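Quick notes on the structure that follows.
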Amino acid sequence: MSSLPDSQVRISPEASREFYFEGLFCGRNGLHEEALGFFARALEADPGFALAWVGQGFALGKLGRYKEEI
């Protein structure tokens, strides 16, 4: 267990795929707000993970948050 505050905990880039797939699962089951959280975690771990950006945009679109989608 880490003694670092949550704001200083580092997420490995490899974890980005796990968060992405959790986001996909949530999105496919209509849990778009939850999906956004997982896509955000994936992007925090790997900002260059293009599929996570696409997933985030899709979830935002499903929530009607079109201005944020762009």
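Numbers for the structure displayed
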| item | result |
| --- | --- |
| Scan of segment 47-66 for residues that are assigned to a helix (DSSP H, G or I), among the aliphatic types (A, V, I, L, M) and open to solvent by less than 70 Å² (accessible area, probe 1.4 Å), ordered by number | 50, 52, 59, 60 |
| Residue check for residue 40: hydrophobic (A, V, I, L, M, F, W, C), in a helix (DSSP H, G or I) and closer than 14 Å to residue 68 by Cβ | yes |
| Residue check, residue 55 in contact with a Phe, Trp or Tyr (Cβ under 8 Å, 6 or more places away or on another chain) and at pLDDT 95 or above | yes |
| Candidates 69, 14, 22, 44, filtered to the one that is modelled with pLDDT of 95 or more and open to solvent by 50 Å² or more (accessible area, probe 1.4 Å) | 22 |
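The values are calculated or read from the model by the stated rules, or taken from the named source; none is laboratory data. The structure displayed is predicted, hence computed values, not measured ones. Every residue, glycine as well, gets a Cβ built from its backbone with ideal geometry; the counts of neighbours run over all protein chains shown. The protein model used for the area step is the full one, side chains on, heavy atoms only, and it has no ligands, DNA or RNA in it. Shrake-Rupley method; radii C 1.70, N 1.55, O 1.52, S 1.80 Å.
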